[in-house]
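The values are calculated or read from the model by the stated rules, or taken from the named source; none is laboratory data. Since the structure is predicted, the reported quantities are computational estimates derived from the model, not experimental observations. As a convention, Cβ positions derive from the backbone with ideal geometry for all residues, glycine included, and neighbour counts pool all protein chains shown.
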């Protein structure tokens with residue numbers, strides 16, 4: 001896992017390319033504000049929305065009153 | 001004649017007999033094309049490990065193999081052999097990742113669908129690089145770490161899971177040390193290119209483990225980084 005690549009994108013892309021070429025059994029998971037730009041890359045964009053179930057779980061964990069239902073309009 | 005050149009000619013003859021290009025031989029022996037070129041032209045001597053690997057790839061056995069290995073090392077005394085050729089490989093580098101993943105201090109909440117999707121993607125054999133893309137503060141690291149923990153627990157990758165923290169790295173030259181740190185390796189590269197084949201042998205899976213990366217990256221990158229020419 002390569003965490004927070006955005007400020008070193010070109011160099012990390014070069015490293016990733018080397019690894020992907022040299023080591024067929026290795027899978028890389030990167031996090032970055034922008035994709036690395038390699039052809040073999042699967043970008044997975046994250047947005048700010050959470051699902052209703054996620055929200056409820058978050059509320060249930062953080063609320064002192066226990067479980068509650070969170071509605072997202 | 002120079003023993004290095006004698007071996008070079010021998011290697012070339014065996015390679016031609018197998019109708020292999022230099023590229024094909026390099027690929028099969030898990031070494032660089034440049035290494036083969038230098039060996040054949042007598043500009044480089046092989047380590048014992050590389051010589052044995054080449055003999056195997058070339059299908060040599062019996063007296064032919066003995067002659068090949070003798071020629072490979074002719075004129076090299078134990079004193080003049082490079083230190084990396086003397087160190088036992090298994091003693092210096094473990095074959096599974098030793099450094100644990102960073103601890104998450106609070107439970108992972110939310111991103112249920114994304115986590116499931118991410119785990120599904122990682123499990124696909126043809127997926128090699130996934131990048132979680134989002135602005136800062138959206139939970140990329142948490143999601144990736146949660147996936148990494150599950151993959152580790154499921155033992156999806158036999159050599160383990162490693163985390164390289166690049167956020168504190170300022171210059172590109174800091175990437176390799178961060179990678180070494182994440183893999184739990186010493187900063188001084190413990191291996192050389194000639195050992196790459198041995199690492200894949202130790203792991204039992206040729207050309208597909210992280211040791212291979214270390215061996216090849218050490219050779220091409222770390223050495224350059226540590227010993228500026």
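Side notes on the structure shown:
- Test: residue in the stretch B:17-24 that is in contact (Cβ under 8 Å) with a residue 24 or more places away in the chain and crowded, with 20+ Cβ neighbours inside 10 Å: no
- Qualifying residue in the stretch B:12-30 (condition: assigned to a loop (DSSP other than H, G, I, E, B), within 17 Å of residue A:21 (Cβ to Cβ) and assigned by TED's automatic domain parsing to the domain that holds residue B:66): yes
- Residue count, the stretch B:120-146 (criterion: facing chain A (nearest Cβ under 7 Å) and more than 18 Å from residue A:33 (Cα to Cα)): 4
- Check on residue B:53, surrounded by 20 or more Cβ atoms within 10 Å (Cβ to Cβ) and either at pLDDT 90 or above or farther than 14 Å from residue B:13 by Cα (or both): yes
- If you go through the stretch B:88-119 and pick out every residue that is assigned to a helix (DSSP H, G or I), within 11 Å of another protein chain (Cβ to nearest Cβ) and either surrounded by 15 or more Cβ atoms within 10 Å (Cβ to Cβ) or modelled with pLDDT under 80 (or both), you end up with 4.
- Residues satisfying the stated conditions in the stretch B:163-177, i.e. in a loop (DSSP other than H, G, I, E, B) and more than 7 Å from every other protein chain (Cβ to nearest Cβ): B:168, B:170, B:171
- A Cβ distance below 8 Å, combined with a sequence gap of six or more or placement on separate chains, defines the contacts here; from the stretch A:36-48, residues that are more than 7 Å from chain B (Cβ to nearest Cβ) reach residues that are outside any loop (DSSP other than H, G, I, E, B) in the pairs A:37/A:9; A:37/A:13.
- Search result, residues across the stretch B:140-178 that are within 14 Å of residue B:97 (Cβ to Cβ), in contact (Cβ under 8 Å) with a residue 24 or more places away in the chain and in contact with a strand residue (DSSP E or B) (Cβ under 6 Å, 6 or more places away or on another chain): none
- Subset of the stretch A:18-32 (residues that are at pLDDT below 75 and either in a helix (DSSP H, G or I) or surrounded by 19 or more Cβ atoms within 10 Å (Cβ to Cβ) (or both)): A:22, A:23, A:25
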